[in-house]
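Data block below; observations after.
Computed from the coordinates by the stated procedures, all read-outs in this text should not be read as laboratory data. Keep in mind the model is a prediction, meaning the values are calculated, not measured. Counting neighbours? That spans all protein chains shown, and the Cβs are built from the backbone with ideal geometry, glycine included.
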Amino acid sequence: MHLLLLATVGGGLGAGARYLIQTEMIRRLGPGFPWWTLAINVGGCLVMGIVADLIV
């Protein structure tokens, strides 16, 4: 149950961060190439790598 709670909280925080980053990058760079998707995916990989390193 503890892992489910962590996954739920992490998913909620991730969704909120994705929305805020997407909105800001569209405002700054325009709606052309989806830079927000690239930035969010690279940032997510970085965070998951750090978390995995801390856990293991």
Checking residue 30 against (1) within 13 Å of the chain's Cα centre (by Cα); (2) on the phi > 0 side of the Ramachandran plot, the condition it does not meet: (1)
Pairs with Cβ under 7 Å, 6+ apart, first in the range 1-28 and more than 14 Å from residue 44 (Cα to Cα), second in a helix (DSSP H, G or I) and of a type in the set (Phe, Trp, Tyr): 25/35; 25/36; 26/36
